[in-house]
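These notes are about the structure you will find just below.
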Amino acid sequence: MNRLIITSFLMILCVFTTYAQPQPLENSKGNSIGIKDVTVTGKVIDKETKDPLEYATISFFSKKENKILTGSITDVNGDFSVKVPQGFYDIKIEYISFKTRTIPNKQISKNENIGVFELEIDMESLDEVEIIAERTTVEVRLDKKIYNVGKDLTVRGGNVSDVLDNVPSVSVDAEGNVALRGNENVRILINGKPSGLVGLNSSDALQQLPAEAIEKVEVITSPSARYEAEGTAGILNIILRRSKLLGLNGAITANVGHPESAGISGNINYRTGNVNIFNTVSYNYGESIGHWYTTTTNKEDRSVFDEKRDWTNVRKGLTNNIGIEWYINDSASLTTSLVYSEGDRDRFSENIITQFDSNFNPFSESIRLDPELGDNKTIQYSVNFTKNFKSSGHKLTFDFQYEENDQNENSLINSDGVDTDILSNLQASSKILLRSDYILPLGENSQFEIGYRGDYSDSTTDYTVLLLDNNTNTFEIDRNLSNVFNYRNYIHAAYMQFGSKINKFSYLLGLRMENTQLTLDQPTSGDFERRNLTGLFPTVNLSYEFSEDQNITLGFNRRLSRPWSFFLNPYPSRSSLTNVFQGNPGLNPTYAGKIDLGYLNRMGKFILSSSLYHQHSTNIFKFISSETGEFVNIDGRDLPVIVRSPGNVASEDRLGFEFNLTYSPSRKWRMNTNFNLFNSVVDGEANGINFDYENLSWNARFSNKYTLPGSIDWQSNFSYRGRTEDAQNVREGVFGINQAFSKDLFKEKASIAFSINDLLNSNKFGGTVDTPLFFTERDIRYRGGRTYKLSFTYRFNQKKKVERGRGDYGGGGDVQI
């Protein structure tokens, strides 16, 4: 790992060293005139307002060397001063959203002031230079929808989970689990690749990454063969911000909230000549309160025990993503980056178990304290090389990525005032990614693509349980619960696809092959198993354009879901004395085939996007709750121990309909609604339990944004997640409201925002678990409750986008295929 870091540092140092070397200059006839530095000064102002333009870029281009030799940026007064070797240059003065001024073939032979440059606004380029968008827009492609996150007020000062929960088709539950169209088997990528920013626990990691770091989210419900086959629901690809504008630009955001939370994040880019340096860094501290209330009824004697668990999560962490892009020449670039993330996640929980007789009279109570202290660290190094050939679209890319992740959790359990258990869970993983893609255009409207991908993942989980020996009053290792589990998953994949456009008809056909080599090693028990699986995954994406604003798409793809290592580890882990989770090493992948029919119509101030989809899945795994036959004695009464395990129980057919409608009556007002209705039919049996069921459910979201007098933006989000049911579990519906207000300051260089999440304190997940023999369990869980957040953002060398074009009046954005 140290070698990789050193290599990265030396490569960056080499780039700067090469870039900084003085070069011989030429006279007007092309002859060398030697090297002698002189000082060039000047000033850049706004032609209309006469205000100075800070961070305007001045570059000096040598035609002989065919590159920018030096440059500078203006200060707060619009002034610049730069040392330049004597010679002839094309001098370029640039500033975001202003027309560029160029002085061709200027001879620099002595110290001189080259004057005051008045730049005028370039209205045609405003849409192209936006860094922080004014509003969320959508682009529709053959195989995905791209949501430019924009200025979503309700996520100001928030995290990635907050952003995803506001993206159409996506939902995030109280535990931070992400679902796409109601299906939680979704693959999450960062910049098109698995990332250390997600780490071992994706729900926790997504709460560490700041919302301001995100530029857009790609919702890929019908992935082409280019994408990995993992994730039966589809793929969410989170694209982080990275500016390629010349000069220095960036933004910084600070926020505070209640319950206690605070954070600061910033992104900065500096580009000069053929080098672009980018950095996103954030530090967050937050406390959240969670509750879980469970009532378990014994069917035999009608006795009841209640379990109430209250916890406080304390999270704090630093995340830094730094990198450098080197534009080797006009057709090739090399990008290297380093991600470092480190944080603590502590949970302080209290479990109170109260027992009742059949007449519901309480007769005992037990209190269990579980202070869990956790920390995690991730470091990831990546390199990308891109080569563009002469013909447009002809490209070769290569990616290498190495990642290490460590996560530790330790807790000392106290039951009724006595320390009884010590739990330690250590997880370590390493991952290597190799990927190469080659795209070859064939004529004007066709292209062929081929690629390879290798994923190499190794992890070790060391779970240790020490129980108090009452005879010796010392803690001894429990060999029945302690476990070391080694997991190795190597995936080799190759694909090819061909796409073409014939008049208004477009198609993209692909085939992907993936080979999985899985190793499960349990030194504690001596069990060892290897598996080798190979699968073919065809993809078909078709599109027909009725007009520029109306089209229909049809997609088919086959995908799979591999079980996580946590689901394969057979040793139990306890969240309480009576509730145990245990993995299943016999768990097999789920395979799914899906057809998706989509329709898009842009009608003036309305934009309608809808789809009808059907998915057939085999070997789906569900969580099975059952009695272990073991009992825990609390206050002289034996309580049953319930185990929850995943299992391949059935096949599933899911039929759904989704639509998204945006209406913008004016530039000040935008409304958006998303609705998803789906019906699931499951057929299967496991452990003597019939899992056949049919469930109709729906999710809905409505967002309203309006600009009040005084240019104060007001945004309201309403969401509902419908009731779901299967053979053992019922989950009740959940309704929530988020509100936010925002005001721009200092000529749009800064913004202040105030948001209230879960306004009605209604984001609570409740349900029932029913087993045929001994018990019925009713539970309610929620985390956080109502929260308040105040954030302040300052932007430098960035401007808000002026919305224009095709009469959409601020609603919906550009749509492309």
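The values are calculated or read from the model by the stated rules, or taken from the named source; none is laboratory data. These figures come from a predicted structure and were not determined experimentally. Because the Cβ atoms are built from the backbone with ideal geometry, glycine has one as well, and the counts that use them run over all protein chains shown.
Of all the residues in the stretch 455-478, those that are touching a residue at least 60 places away in the same chain (Cβ under 8 Å) and of a type outside the set (Val, Ile, Thr) number 3.
Quick check on residue 625: is it touching a strand residue (DSSP E or B) at 6+ places or on another chain (Cβ under 9 Å), farther than 30 Å from residue 517 by Cβ and of a type in the set (Ser, Thr, Tyr)?
Details: touching a strand residue (DSSP E or B) at 6+ places or on another chain (Cβ under 9 Å): yes; farther than 30 Å from residue 517 by Cβ: yes; of a type in the set (Ser, Thr, Tyr): yes.
It is true that residue 625 is touching a strand residue (DSSP E or B) at 6+ places or on another chain (Cβ under 9 Å), farther than 30 Å from residue 517 by Cβ and of a type in the set (Ser, Thr, Tyr).
For the stretch 687-701, the tally of residues that are more than 15 Å from residue 770 (Cα to Cα) and not hydroxyl-bearing (Ser, Thr, Tyr) stands at 7.
Among residues of the stretch 343-363 that are under 25 Å from residue 412 (Cβ atoms) and not assigned by TED's automatic domain parsing to the domain that holds residue 379, none has a beta-carbon under 6 Å from a residue that is hydroxyl-bearing (Ser, Thr, Tyr) and modelled with pLDDT of 85 or more at least six positions away or on a different chain.
Would you check if there is a residue in the stretch 608-626 being out of contact with any helix residue (DSSP H, G or I) (no Cβ under 8 Å at 6 or more places or on another chain), farther than 23 Å from residue 724 by Cα, of a type in the set (Val, Ile, Thr) and buried (at least 17 other Cβ atoms within 10 Å of the Cβ)? So that I can check it myself, show each step before the final result.
Going residue by residue through the stretch 608-626, those that are out of contact with any helix residue (DSSP H, G or I) (no Cβ under 8 Å at 6 or more places or on another chain) are 608-620, 622-626.
With farther than 23 Å from residue 724 by Cα added as a condition, the list becomes 608-609.
Applying the additional criterion that residues be of a type in the set (Val, Ile, Thr) yields none.
No, the stretch 608-626 contains no residue that is out of contact with any helix residue (DSSP H, G or I) (no Cβ under 8 Å at 6 or more places or on another chain), farther than 23 Å from residue 724 by Cα, of a type in the set (Val, Ile, Thr) and buried (at least 17 other Cβ atoms within 10 Å of the Cβ).
The set of residues in the stretch 313-329 being more than 12 Å from residue 342 (Cα to Cα) and surrounded by fewer than 15 Cβ atoms within 10 Å (Cβ to Cβ) consists of 328, 329.
Specify the residue that is modelled with the highest pLDDT; the eligible residues are those in the stretch 625-676 that are among the hydroxyl-bearing types (Ser, Thr, Tyr) and under 30 Å from residue 580 (Cα atoms). First the steps, then the outcome.
Narrowing the stretch 625-676 to residues among the hydroxyl-bearing types (Ser, Thr, Tyr): 625-626, 628, 645, 651, 662-664, 666, 673.
This time we only want the ones that are under 30 Å from residue 580 (Cα atoms), so: 625-626, 628, 645, 651.
Working: 625: 75, 626: 75, 628: 71, 645: 85, 651: 92.
So, considering only residues that are among the hydroxyl-bearing types (Ser, Thr, Tyr) and under 30 Å from residue 580 (Cα atoms), the one modelled with the highest pLDDT is 651.
Quick one: which residue in 414, 359, 425 is at pLDDT below 90 and not in a strand (DSSP E or B)? Full working, then the answer.
Working: 414 fails: not in a strand (DSSP E or B); 425 fails: not in a strand (DSSP E or B).
Selected residue: 359, the only one of 414, 359, 425 that is at pLDDT below 90 and not in a strand (DSSP E or B).
Among residues belonging to the stretch 298-322 that are assigned to a strand (DSSP E or B) and at pLDDT below 80, point out the one that is nearest to residue 57 (Cα to Cα). So the residue we want is 305.
Applying the criterion of being modelled with pLDDT under 85 and in a strand (DSSP E or B) to the residues of the stretch 58-93, the residue that is farthest from residue 269 (Cα to Cα) is 62. Looking only at the stretch 757-785, residues that are at pLDDT below 75 and assigned to a loop (DSSP other than H, G, I, E, B) come to 5 in all. Restricted to the stretch 729-752, and to residues there that are buried (at least 16 other Cβ atoms within 10 Å of the Cβ) and touching a Gly at 6+ places or on another chain (Cβ under 7 Å), the residue that is nearest to residue 647 (Cα to Cα) is 729. As for the stretch 241-261, it holds at least one residue that is touching a helix residue (DSSP H, G or I) at 6+ places or on another chain (Cβ under 8 Å) and charged (D, E, K, R). Residue count for the stretch 253-278 satisfying the condition of being polar (S, T, N, Q), under 30 Å from residue 60 (Cα atoms) and buried (at least 18 other Cβ atoms within 10 Å of the Cβ): 4.
Restricting 475, 498, 485, 556 to those that are under 26 Å from the mean Cα position of the chain (by Cα), surrounded by 14 or more Cβ atoms within 10 Å (Cβ to Cβ) and in the same structural domain as residue 628 (by TED's automatic domain parsing) reduces the list to 556. For residue 339, the criteria (1) of a type in the set (A, V, I, L, M, F, W, C); (2) touching a Phe, Trp or Tyr at 6+ places or on another chain (Cβ under 7 Å); (3) buried (at least 18 other Cβ atoms within 10 Å of the Cβ); (4) within 28 Å of residue 287 (Cα to Cα) hold in every case but one, which is (2). Annotation note: Cβ proximity below 8 Å between a residue of the stretch 382-405 that is under 14 Å from residue 339 (Cβ atoms) and a residue that is among the hydrophobic types (A, V, I, L, M, F, W, C) and assigned to a loop (DSSP other than H, G, I, E, B) (sequence gap 6+ or interchain) occurs for 402/1; 404/1; 405/200. Restricting attention to the stretch 479-532, the residues that are in contact with a strand residue (DSSP E or B) (Cβ under 6 Å, 6 or more places away or on another chain), in contact (Cβ under 8 Å) with a residue 40 or more places away in the chain and not in a strand (DSSP E or B) add up to 4.
Condition test on residue 697, is it hydroxyl-bearing (Ser, Thr, Tyr), surrounded by fewer than 20 Cβ atoms within 10 Å (Cβ to Cβ) and under 24 Å from residue 256 (Cα atoms)? Spelling it out, it is not the case that residue 697 is hydroxyl-bearing (Ser, Thr, Tyr), surrounded by fewer than 20 Cβ atoms within 10 Å (Cβ to Cβ) and under 24 Å from residue 256 (Cα atoms). Within the stretch 202-231, residues that are assigned by TED's automatic domain parsing to the domain that holds residue 510 and within 30 Å of residue 499 (Cβ to Cβ) have Cβ atoms under 7 Å from residues that are at pLDDT 80 or above and crowded, with 24+ Cβ neighbours inside 10 Å in no pair, counting only partners at least 6 apart in sequence or on another chain. Looking at the stretch 707-756, the strands (runs of 3 or more DSSP E) lying wholly inside it that each contain 1 or more residues that are within 30 Å of residue 687 (Cα to Cα) sit at 729-731.
Looking at 726, 758, can you tell me which residue is among the acidic types (Asp, Glu), more than 23 Å from residue 255 (Cα to Cα), surrounded by 14 or more Cβ atoms within 10 Å (Cβ to Cβ) and in contact (Cβ under 8 Å) with a residue 24 or more places away in the chain?
On the way: 758 fails: more than 23 Å from residue 255 (Cα to Cα).
Exactly one residue qualifies, and that residue is 726.
Somewhere in the stretch 708-721, is a residue at positive phi, polar (S, T, N, Q) and modelled with pLDDT of 85 or more?
Keep residues of the stretch 708-721 that are at positive phi, which gives 710-711.
If we keep only those that are polar (S, T, N, Q) too, we end up with 711.
Filter again for modelled with pLDDT of 85 or more, leaving 711.
Yes, there is a match, as at least one residue in the stretch 708-721 is at positive phi, polar (S, T, N, Q) and modelled with pLDDT of 85 or more.
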